Amino acid sequence: MDNKVGQVEASLPATGPGVTRSPNFRQIYANVCRTAFSNWDIQLTFSLGTNDASGAGLVEEQATVFMSPTQAKAVAGILVQAVLQFEEKFGEIKLDDQAQAALEQLPTANASAKK
């Protein structure tokens, strides 16, 4: 298994002339994502879910990203492509029963793409 970080071929250009990194740039790890939307934007709040010493669940919000619905749809497509490429290289991603049940409740990407 190759441990190199893969570049998703469908991703938007992130390097090259005219691309700079903000001094406020930071990377975070998130294992929880909550979504919200308004008439004007879609919000993704990324959090770190852990347990305290007693075993109680804790969720610490790390960052919220706001984007236009158009950009959110483009990002959704890029994420689908990244997961497909990951699974092609490393094998199927197995979801636990709770995550699988939640995923099955979502409308399909195909239905969204047809609109």
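When the residues of the stretch 50-63 are narrowed to those that are of a type outside the set (Val, Ile, Thr) and in contact with a Leu (Cβ under 7 Å, 6 or more places away or on another chain), which ends up nearest to PHE25 (Cα to Cα)? Top of the filtered list is GLN62. In the stretch 16-29, the residues that are basic (Lys, Arg) reach residues that are surrounded by 10 or more Cβ atoms within 10 Å (Cβ to Cβ) with C-beta atoms within less than 9 angstrom, at least six apart or across chains, in these pairs: ARG26/ALA63. Considering the stretch 43-64, and only residues there that are loosely packed, with under 14 Cβ neighbours inside 10 Å and either charged (D, E, K, R) or under 21 Å from LEU106 (Cα atoms) (or both), the residue that is modelled with the lowest pLDDT turns out to be ASP52. Residues that are surrounded by fewer than 12 Cβ atoms within 10 Å (Cβ to Cβ) and either β-branched (Val, Ile, Thr) or in contact with a Pro (Cβ under 9 Å, 6 or more places away or on another chain) (or both) within the stretch 27-36 comprise ILE28, THR35, listed in sequence order.
Residues of the stretch 24-69 being farther than 18 Å from ALA99 by Cα and small (Gly, Ala, Ser), which ones? Within the stretch 24-69, ALA36, SER38, ALA53, SER54, GLY55, ALA56, ALA63, SER68 qualify.
From the set of residues in the stretch 68-98 that are loosely packed, with under 12 Cβ neighbours inside 10 Å, assigned to a helix (DSSP H, G or I) and charged (D, E, K, R), which is modelled with the lowest pLDDT? In this case the residue turns out to be ASP97.
The values are calculated or read from the model by the stated rules, or taken from the named source; none is laboratory data. In this text, all values refer to a predicted model and were calculated from it rather than measured experimentally. Heads up, the Cβs are rebuilt from the backbone with ideal geometry, glycines too, and the neighbour counts pull from every protein chain shown.
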